[in-house]
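Accompanying notes for the structure given below.
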Amino acid sequence: MLKLESYTYKLCFFISLALYRLLLDVSYVYVVVPNFGYMGFEKDVAISSYIVSWVVFFVVLPLVPDRIDRLSSFYKVLFFVSLIVPLMTFYGVKDVGLYPLVTSCLAFCVFVFFSSKPFFRMLPSIPVLTEGRSSVLVVSVILIIFLVFWYQYTGAVRFINFDFAKVYEFRSESAALANVGILSYLNSWIYQVVTIFVFSYFIFRQRYVLAVVVFFVQVFFFAVAGHKSLLFYPVLALGVWVYFSRANGAIPFVLFVFLAVSFSVIFYFAFSNVWPVSLFVRRALLVPADLTYDYFEFFSENPYVFWSNSVLSSYISYPYDQGVAKLIGEFNQSGSAANNGFISSGFSHAGFLGVIFYALVFSVFVVMLEKYSVGLPLWFSIAVTIVPLRSAIVSSDLFTVILTHGLLLTLVMILFFRSIKNSASNRKALWVI
């Protein structure tokens with residue numbers, strides 16, 4: 001009976017993903033193209049391509065877990081929903097090549113394979129520090145307080161602004177005063193990683209008043225730094241807590257995305273207002289897919305970078321006169337800094353091999369975060385890792401995420417944060433000093 005229920009749930013999960021894919025196709029053709037065609041969102045439906053896109057969909061579909069009972073399971077679902085499915089939509093309804101889609105699906109398969117339990121067990125044991133948790137919390141609170149006073153000391157607080165429409169007017173002025181030297185990294189780590197870690201901890205410990213205080217501190221950081229995403233991070237952590245502390249099925253996650261797209265489309269037809277479609281459908285789901293095709297097209301015809309703009313800059317000459325994101329922004333005529341996830345950036349560095357290499361590195365980080373957070377609530381592990389890992393999937397170079405966006409810092413914080421109680425649930429993985 002339990003096995004039958006499991007098969008029924010899996011079937012319902014696959015149906016929900018297919019409906020989401022179909023809705024995204026319809027949204028693209030009937031809403032996105034008419035309103036954003038000038039931005040490169042064009043329609044050129046070929047029946048053969050559309051059928052192939054669905055064949056690829058059903059081939060990859062069995063690799064997507066229907067239960068989110070591990071950290072890696074969540075990121076498999078997120079990877080598939082936020083990037084792989086939009087890429088399938090692009091191939092199905094637009095005149096583009098199959099190679100970027102197939103390469104991206106192979107990267108997804110690499111992640112699925114190397115995040116499996118046999119590789120999970122291969123990671124070495126790392127000691128638990130008896131005072132690690134308190135050390136992380138004390139240092140985190142000190143860093144948050146430091147940034148509050150630093151914004152005051154440098155005068156960056158003079159550019160405080162709570163108006164979403166004006167954030168770009170003051171961001172550069174604030175950054176010029178506050179982001180000096182190493183602080184350009186430290187400040188970013190504090191408001192992208194540290195505050196969310198502390199916010200999640202207070203929820204974990206049911207210290208809700210303190211969590212509210214940290215939330216308003218994050219609002220202050222948003223108002224001074226001018227990054228709209230800073231307001232979204234604690235809300236995202238709160239949503240993760242509400243859902244994953246009570247359930248582990250993947251259907252509600254897919255349903256949430258489905259409803260967000262549905263609401264955006266209904267709102268457009270009801271009020272002739274395209275803003276929700278622009279935010280939830282175009283920007284969050286379709287732009288990363290569009291940029292993936294731009295990266296593949298540009299670097300299929302031009303030299304690879306081979307990390308000459310970062311870790312290998314001392315050994316290899318960078319072949320361009322501006323950064324990769326600006327290059328793609330000029331190539332697609334958007335004029336913006338067109339940053340994208342690790343599949344695009346991996347291809348820009350070393351083509352297909354660069355994508356596979358980045359997929360391996362991404363897998364290693366996810367597995368390490370999963371193994372060394374054993375004993376902590378799953379929702380907590382997701383909440384404190386979702387900001388950097390989602391950036392790696394859809395918006396930033398992987399090495400940039402590791403260093404600048406705080407993925408490495410998140411791993412270090414989790415390693416220190418584990419307590420002796422955590423070790424009881426996984427004695428083979430942890431030992432105490």
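Please treat every number below as a calculation from the coordinates, not as lab data. What you see is a predicted model; the values in this text were computed from it and never measured. Don't worry about glycine lacking a Cβ; one is built from the backbone with ideal geometry, like all the others, and counts go over all protein chains shown.
Which residue, Leu87, Ala325, Gly132, has the largest displacement toward the positive end of the dipole of the chain when charges sit on each Cβ (Lys, Arg +1; Asp, Glu -1)?
Selected residue: Gly132.
Give the long-range amide H neighbours of Val128: residues separated by 5 or more places, or on another chain, with amide H under 5 Å away, using H modelled in the peptide plane at 1.01 Å from N.
So Val128 has HN proximity to Trp431, Val432, Ile433.
Which three numbers, in whole Å and largest first, are the semi-axes of the equivalent ellipsoid of region 130-171 derived from its Cα gyration tensor as √(5λ)?
For region 130-171, the semi-axes come out at 31, 12, 6 Å.
Which label belongs to the value computed from this structure, given these candidates for Rg and Dmax of the Cα atoms in Å: (i) 21.8, 65; (ii) 33.7, 137; (iii) 23.8, 77?
Correct label, based on the coordinates given: (i).
Would you kindly give the portion of the calculated P(r) for region 277-343 that falls above 13 Å, as a percent of all Cα pairs?
Pairs farther apart than 13 Å: 67 percent.
Compute the signed sum of charges (Lys and Arg +1, Asp and Glu -1) over the other residues within less than 15 Å, Cβ to Cβ, of Val33.
Once all neighbours under 15 Å are counted, the net charge is -2.
With the contact rule set at Cα under 8 Å and sequence spacing of 6 or more, what percent relative contact order holds for the chain?
Relative contact order of the chain: 24 percent.
Mind checking the alpha-carbon convex hull of region 99-197 and giving the volume per residue in Å³?
So the per-residue hull volume is 199 Å³.
On full extension of the chain, what length is gained from Phe149 through Ile316, given 0.36 nm per residue of separation minus the C-alpha to C-alpha distance?
Gain in length upon complete extension: 56.0 nm.
I want to verify a result. In a Gaussian network model of the chain, Cα cutoff 10 Å, which of these has the top mean-square fluctuation: Arg67, Arg171, Arg205?
Arg205
Applying the Karplus parametrisation 6.51 cos²θ - 1.76 cosθ + 1.60 with θ = phi - 60° to the phi angles of region 140-155, what ³J(HN,Hα) value in whole Hz is obtained for each residue in order, glycine and proline being reported as x?
For region 140-155, the Karplus-derived couplings read 5, 5, 4, 5, 4, 5, 4, 5, 4, 6, 5, 4, 5, 5, 7, x Hz, x marking Gly and Pro.
More than 13 angstrom separation, counting every C-alpha pair in region 327-386; what % is that?
Every Cα pair in region 327-386 considered, those over 13 Å come to 69 percent.
Would you kindly calculate the translational diffusion coefficient of region 1-123, applying Stokes-Einstein with the Kirkwood radius from alpha carbon pairs, for 25 °C and a viscosity of 0.890 mPa s, and quote it in µm² s⁻¹ without decimals?
155
Under a cut-off of 19 Å between alpha-carbon atoms, report the aspartates and glutamates in cross-link reach of Lys326, not counting same-chain residues fewer than 8 places apart.
Cα-Cα hits under 19 Å: Asp290, Asp294, Glu297, Glu301, Asp397.
Taking the Cα centre of region 115-244 as the origin, how large is its charge dipole in debye, to the nearest 20, when only Lys and Arg (+1) and Asp and Glu (-1) carry charge on their Cβ atoms?
About 360 debye.
Work out the length of the dipole vector of the chain about its Cα centre, built from +1 on the beta-carbon of each Lys and Arg and -1 on the beta-carbon of each Asp and Glu, and round it to the nearest 20 debye.
The dipole of the chain has a size of about 1700 debye.
Using amide H atoms built in the peptide plane, which far-off residues or other-chain residues are under 5 Å from Ala337 H to H?
Placed amide hydrogens put nothing under 5 Å from Ala337.
Each residue of region 216-231 in order: what ³J(HN,Hα) in whole Hz does its phi give by Karplus 6.51 cos²θ - 1.76 cosθ + 1.60, θ = phi - 60°, with x for Gly and Pro?
Karplus-based 3J(HN,Hα) across region 216-231 equals 5, 5, 5, 4, 4, 4, 4, 5, 8, 6, x, 10, 4, 5, 4, 6 Hz.
Net charge near Ser345, counting Lys/Arg +1 and Asp/Glu -1 over other residues with Cβ under 14 Å of its Cβ?
Result for the local shell: -1.
Would you tally the net charge around Val198, using a Cβ to Cβ cut-off of less than 14 Å, leaving Val198 out, and scoring K and R as +1, D and E as -1?
Its environment carries a net charge of +3.
Rounded, prolate or oblate, given the Cα gyration tensor of region 209-260, with a/c below 1.5 counting as rounded?
Judged from the Cα gyration tensor, region 209-260 comes out oblate (a/c at least 1.5, b/c at or above a/b).
Hey, quick one: spin label on Glu42, modelled 7 Å out along Cα-Cβ, who in region 285-327 has an amide N within reach, i.e. under 20 Å?
Within reach of a label on Glu42: 286-302.
Could you tell me how far the Cα centroid of region 1-76 sits from the Cα centroid of region 218-258, in Å?
Going from one Cα centre to the other spans 22 Å.
So for region 348-412, Kirkwood radius off the Cα pairs, Stokes-Einstein at 25 °C and 0.890 mPa s: how many µm² s⁻¹?
In µm²/s, the coefficient is 200.
From zero outward in steps of 10 Å, how is the percent of C-alpha pairs of region 203-340 spread across the bins?
10, 23, 28, 26, 13, 1
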